[in-house]
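Right, one structure below, let's go through it.
The values are calculated or read from the model by the stated rules, or taken from the named source; none is laboratory data. Keep in mind it's a predicted model, so treat the numbers as computed, not measured. Using ideal geometry, Cβ is built from the backbone for each residue, glycine included, and neighbour counts are taken over all protein chains shown.
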């Protein structure tokens, strides 16, 4: 555990020394939120939801924006794995006796905390948007964010570990991670979507994370999965991705195809 | 600490038996066997693509061999991976320090990876930093250090857990001559204290400073002995004739053979250069110059170097452009 703690702490220290990362993770989602939320405000009438207008629209997009901040934070904290492993800091970690679990957990726990901090910081906007502000709701939202941050950082780690170039990561981000977010109910509700899209959204684990966060913040939508199911799926999503990440680290030293991944 | 992590006095620091690694059809490492005793400095000398990096990656447990076995300090990587890793300090060719952290922060994380901590780790870090004369830079970010200083921190980091075996990949890469001399002295001190030093290099003078040298070319260990013994196998002196345009070397070699026969010693023509290995070379040089005036641009006479050993072993010059396509390892 000493090793995992040291690796997690490293993430926080590095973050504190690279302030630009905050801007990179928080600014784009916020900008998109304000522009899209305000722009669509005039024509915005989510099915079954309350009053239309810019505030309702901003409130609708809010949980998805927080999740996007967490996703970006996860990407920023894991993309370094690609270069670190080939010719950087991780080389030394990989030849140390630290267990694969400790290596994966240290990195992912550090990234999770950063995602939680950045996503959580947005919750100060909750009262302005007229969303639920009671302590239980905020605590639930925090717990959901923790699960989401852990899941998404694990996902970023899994992707980064398997790649040998940051360009590859950008491609996967555009082809897979952003669509994953778009189809999570963050951007549009499933109710108005055609059946094939609804099926994809129902199969998307992130849908349940966004739904859990929306419900924790008092958001309403008739076709959201239930709170219990949403929390359970989010927790399972995080657990499965982390297990896969740890297994991937464990596989490396004597993996038969390691040669392909050489720098 | 535990009996697992300390080598038994009798076990060699490194034992390799028929280590091979294939990448598809290519044999990056081909049947390498050797044994290195505790306290030895052993240099793997070879051109780029010779198999050094593949061997380094296997010994550092980053890459599994396709076949063959090895033990570090008596530990088998398949069964005692953790114990093996505890007995090995690894210095990579590319920096493994976190540039955004200070020197001391880097050492403390490294210690944590080896289950060290608290006052003992702090004291050990300071001890190493003092020894490497970098204690005054302990609070600096690694990114502001010079290459030579950063390399010292790398080595200090690899020694934190007192490994009996230190493995270094081309350690003098990017160092100026002064820093290179410091490094050689440092490795020599470590060996005197009982640490086994295994290093890869493509520099003859770096290999010269080792107790024993293994010549790696195209994945095979072609020769393995002390530098003196390796050079003694080259016959007497080495006379080198550099031909004018690089094309006449083979013809000139043939003519020298015809003219002088066995007297000329062992003749070879490699890459525009005719080499003669012969005892009492100084007596032969004037005769060569008189017999073949204007046929070569320069003539040199010298005691054999490790480069001569390499040429003898491989029939090729030790140059990157003549090596097999670089293994991308």
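Per-structure values
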{"item": "Residue match in segment A:39-59 (condition: part of a helix (DSSP H, G or I), farther than 22 Å from residue A:146 by Cβ and modelled with pLDDT of 85 or more)", "result": "no"}
{"item": "Only one of B:186, B:135 that is surrounded by fewer than 21 Cβ atoms within 10 Å (Cβ to Cβ) and over 22 Å from residue B:40 (Cβ atoms)", "result": "B:135"}
{"item": "Some residue of segment B:244-267 being within 30 Å of residue B:35 (Cα to Cα), surrounded by 13 or more Cβ atoms within 10 Å (Cβ to Cβ) and modelled with pLDDT under 85", "result": "no"}
{"item": "Residue list for segment B:29-41, restricted to those being away from chain A (no Cβ under 13 Å) and buried (at least 24 other Cβ atoms within 10 Å of the Cβ)", "result": "B:32"}
{"item": "Any hit, segment B:146-166, residues being part of a helix (DSSP H, G or I), more than 27 Å from the chain's Cα centre (by Cα) and within 22 Å of residue A:13 (Cβ to Cβ)", "result": "no"}
{"item": "Helices (runs of 4 or more DSSP H) (entirely within segment B:57-137) containing at least 2 residues that are more than 9 Å from chain A (Cβ to nearest Cβ)", "result": "B:103-113, B:118-131"}
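Conditions (1) away from every other protein chain (no Cβ under 14 Å); (2) surrounded by fewer than 21 Cβ atoms within 10 Å (Cβ to Cβ); (3) in contact (Cβ under 8 Å) with a residue 12 or more places away in the chain, marked per residue:
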{"residue": "A:76", "(1), (2), (3)": "no, no, yes"}
{"residue": "A:81", "(1), (2), (3)": "no, no, yes"}
{"residue": "A:84", "(1), (2), (3)": "no, yes, no"}
{"residue": "A:99", "(1), (2), (3)": "no, yes, yes"}
{"residue": "A:102", "(1), (2), (3)": "no, no, yes"}
{"residue": "A:108", "(1), (2), (3)": "yes, no, yes"}
